[in-house]
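Inspection log for the structure reproduced underneath, given as structure tokens.
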Amino acid sequence: MESDGSDFNFDLARGTNRVKRALICGIFLWMATLSARATDDSLANLASDPACARGLQWIDKSAAWTTDQQIRLTEIPAPEFDETSRGEALKEIFAASGLQVRTDKTGNVIGEWPGSDTKSVILLAAHLDTVFPAGTDVRVKRNGSRLLAPGIADNGVGLASLAGLARALAESRVRTTKTIVLVGDVGEEGEGNLRGMRALMDNYGSRIAAAIAVDGPSTDHITTQGIASRRFEASVTGPGGHSWSDFGAPNPITAVARGIVKFSAISVPDDPRSSYNFGVIEGGTSVNSIPSSSAVKIDLRSEEERELGRLETALRDAMQAGVKEEISATKSASDALQLNFRSLGTRPAGKLPDDAPLVTAIRNVDRYLGNKSRLERSSTDANIPLSMGIPAVALGGGGRGGGSHTLDEWYDPAGRELGLKRLFLTVVSLAGVERQ
């Protein structure tokens with residue numbers, strides 16, 4: 001059949017649209033390339049500023065000094081609610097670096113590098129406390145390039161990074177617009193309920209332009225989402241008795257165990273990602289005594305508050321069912337056992353937009369340093385500012401580590417300079433350099 005030219009016209013129009021799309025894509029790519037080059041030039045200019053260059057040079061040549069501070073701080077025990085001695089050691093380092101130092105009423109050790117604008121603050125915090133109880137051997141041992149000790153990575157790395165940053169600022173003599181605040185804060189682990197960071201938010205409030213929690217070693221992530229958590233103690237009390245003469249009396253330990261088994265059988269979703277942990281069980285006085293009390297401590301986490309509420313309800317129902325089942329099994333009176341719940345703390349959720357200026361600033365630094373990173377989710381000190389709408393992230397201090405929250409925790413300081421440079425350039429770029 002003879003063509004009337006419409007196929008040609010259609011192909012021409014389609015071809016024209018393809019050309020248009022290609023041109024538009026090319027323009028956007030060109031603009032993105034120009035923007036990236038401008039950013040790289042901006043970071044290069046910042047890094048070559050005489051003051052910043054001095055700070056970066058100090059970081060390059062002083063990794064061993066930073067590691068020595070990490071060992072020193074790690075070997076000072078800092079169990080929950082007893083961080084004072086470690087805080088005093090960090091305070092000495094801050095003071096020797098020329099920071100304006102104080103300890104607040106909560107126990108946070110604060111060092112300020114004043115800027116010309118004292119009403120605007122860039123806050124960096126690393127938690128002083130560990131999960132390990134008093135009496136834990138925290139002496140640092142070496143195995144090749146690795147340092148071994150409870151708390152050496154979490155959060156010996158963060159504290160050493162603050163020490164290194166304090167010295168890098170001092171060596172650089174950089175003048176910034178915003179005030180840089182370095183803090184060794186209390187109460188991040190366990191039942192501390194982030195009390196140190198909560199106090200910092202009360203203290204600095206609207207003055208905080210950005211907050212960074214320095215936690216652990218990893219430089220391959222930017223934690224922009226805070227995972228919500230609720231922590232509880234469920235306790236069961238009863239009459240107790242002798243294991244022989246009172247056999248058949250309801251046992252609080254058994255009731256708690258029944259509740260744990262029932263709750264562990266529930267479904268926990270992958271989306272939103274959620275988790276639970278039974279971390280501590282207590283009770284009893286001797287092997288041949290029926291205990292009069294027993295308690296278990298539980299950690300619930302989720303990306304969404306709604307799911308966290310569901311888990312809490314399921315936990316309460318399961319523990320109550322465990323108590324009833326124990327009473328029924330022993331044919332005791334309905335009030336033979338009593339269940340009580342006590343809140344040990346809550347961590348609110350929060351999320352920083354992927355295109356937030358704080359994230360962009362860190363990505364620009366990563367590109368300049370050749371560091372690859374991804375956005376992550378976790379539960380850190382950053383939860384509090386994020387929940388209040390304050391731009392906040394958690395970053396690692398550099399090097400490698402593993403075995404956190406175990407007695408086999410380790411840290412390898414090789415490459416820690418990258419993490420410290422990343423923090424230094426991010427903080428200085430956020431604070432703004434005043435030309436000297």
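Here are the numbers:
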| item | result |
| --- | --- |
| Set ASP354, ASP366, ASP270, ASP335: member being of a type in the set (D, E, K, R) and over 29 Å from the mean Cα position of the chain (by Cα) | ASP335 |
| Residue match in the stretch 279-286 (condition: outside the structural domain of THR223 (by TED's automatic domain parsing) and charged (D, E, K, R)) | yes |
| Yes/no for LYS331 being at pLDDT below 95 and over 27 Å from ILE298 (Cα atoms) | yes |
| Residue that is farthest from ASN277 (Cα to Cα), among those in the stretch 360-385 that are touching a Lys or Arg at 6+ places or on another chain (Cβ under 8 Å) and in a loop (DSSP other than H, G, I, E, B) | ASN371 |
| Single unsatisfied condition, LYS324 versus (1) in the same structural domain as ARG306 (by TED's automatic domain parsing); (2) of a type in the set (Lys, Arg); (3) closer than 28 Å to GLY151 by Cα | (3) |
| Residue satisfying all of: in the stretch 292-347; of a type in the set (Asp, Glu) and assigned to a helix (DSSP H, G or I); farthest from ALA255 (Cα to Cα) among these | GLU305 |
| Residue match in the stretch 348-359 (condition: assigned to a helix (DSSP H, G or I) and of a type in the set (Lys, Arg)) | no |
| Selection count, the stretch 392-436, where residues are in a loop (DSSP other than H, G, I, E, B) and either buried (at least 19 other Cβ atoms within 10 Å of the Cβ) or among the hydroxyl-bearing types (Ser, Thr, Tyr) (or both) | 8 |
| Residues of the stretch 110-141 that turn out to be among the β-branched types (Val, Ile, Thr) and more than 18 Å from the chain's Cα centre (by Cα), as a count | 6 |
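Here's the yes/no breakdown for (1) surrounded by 13 or more Cβ atoms within 10 Å (Cβ to Cβ); (2) closer than 30 Å to TRP244 by Cα:
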| site | (1), (2) |
| --- | --- |
| PHE263 | yes, no |
| ASP271 | no, no |
| SER274 | yes, no |
| LYS324 | yes, yes |
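The values are calculated or read from the model by the stated rules, or taken from the named source; none is laboratory data. These figures come from a predicted structure and were not determined experimentally. Note: ideal-geometry Cβ built from the backbone for every residue, glycine included; neighbour counts use all protein chains shown.
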